[in-house]
1. Among the listed residues A132, A117, identify the single one that is on the phi < 0 side of the Ramachandran plot and surrounded by 10 or more Cβ atoms within 10 Å (Cβ to Cβ).
2. For region 192-214, enumerate the residues that are open to solvent by less than 100 Å² (accessible area, probe 1.4 Å) and of a type outside the set (G, A, S).
3. Consider region 113-148. How many of its residues are part of a helix (DSSP H, G or I), closer than 22 Å to L53 by Cα and not hydroxyl-bearing (S, T, Y)?
4. Is it the case that some residue within region 98-109 is more than 28 Å from K54 (Cβ to Cβ) and part of a helix (DSSP H, G or I)?
5. Out of contact with any helix residue (DSSP H, G or I) (no Cβ under 8 Å at 6 or more places or on another chain), part of a helix (DSSP H, G or I) and under 30 Å from L55 (Cβ atoms): which single residue out of F158, F151 fits that description?
6. With the requirement that a residue be part of a helix (DSSP H, G or I) and open to solvent by 60 Å² or more (accessible area, probe 1.4 Å), what does region 68-82 give you?
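The values are calculated or read from the model by the stated rules, or taken from the named source; none is laboratory data. In this text, all values refer to a predicted model and were calculated from it rather than measured experimentally. We place every Cβ from the backbone using ideal geometry, glycine too, and count neighbours over all the protein chains shown. Heavy atoms of the whole protein, side chains included, go into the accessibility calculation; ligands, DNA and RNA do not. Shrake-Rupley method; radii C 1.70, N 1.55, O 1.52, S 1.80 Å.
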Amino acid sequence: MEDVEGPIEKLSNENSATQRRIDESAEELSSQVVKSEAIREPSSNDEPRGKRLKLYNEVIDKSLEEFMHFASFDRFSSMFHQFYKMNRQRMENIHKQFVDELQRAIKDDIRRLNEEASLESKLNELDKLESAAENSPDPAWRPSGIPEQDFSSFIIPFYQKQEAYLRHELKKILAENSALALKVQAGRERIAQAEHQISTAAAEWEASATKIESLASSLCPGDVFDV
């Protein structure tokens with residue numbers, strides 16, 4: 001009898017320890033769920049009216065639904081088969097809390113990505129552009145199916161604008177060079193005039209000095225002062 005009671009008591013102790021571990025895991029996961037409730041989830045009132053963003057939200061919801069399918073209870077319980085056999089109800093509660101926490105975390109990550117990329121405003125802007133294009137009489141651009149032609153139709157106008165800009169800048173530079181050339185020419189002419197004036201003044205000074213020397217010689221001959 002004592003030989004039977006020993007294994008039974010040992011198994012009971014093991015079951016009690018396992019149950020405590022399950023309870024601790026459930027309490028820890030519950031506390032994480034409570035903390036995560038403080039994270040703001042996008043409300044339906046915050047959803048914009050743009051059709052593109054509505055479609056995007058529908059795709060995200062469908063993708064999340066498909067993703068959560070891989071976290072089904074059967075898969076979850078198969079990973080903890082021993083706990084599942086001991087307490088199915090407790091395992092179902094843990095799985096529900098796990099799924100709720102996982103969904104909240106994924107939705108919060110998606111919300112933060114949307115805010116960082118300004119996805120709402122950009123998709124709404126696309127809706128505005130589409131609406132404006134519908135009211136425009138000009139035909140909308142459509143790809144021709146020939147990549148080289150489509151690329152040329154996009155890049156050639158860009159190069160034409162660059163060429164027009166460069167031609168305009170070149171015209172400005174040439175005009176500035178012409179103005180500078182005129183200023184240089186005017187400066188050279190002024191220098192030439194100044195050189196001519198200096199040469200004329202020097203010639204006149206030399207002529208005046210020669211006349212003064214001749215006059216002085218005529219008025220005061222050299223032999224008058226001879227001893």
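1. A117
2. T200, T210
3. Residues in region 113-148 being part of a helix (DSSP H, G or I), closer than 22 Å to L53 by Cα and not hydroxyl-bearing (S, T, Y): 19 in total.
4. yes
5. Going through F158, F151 in turn, the sole match is F151.
6. Result: H69, D74, R75, S78, M79, H81, Q82.
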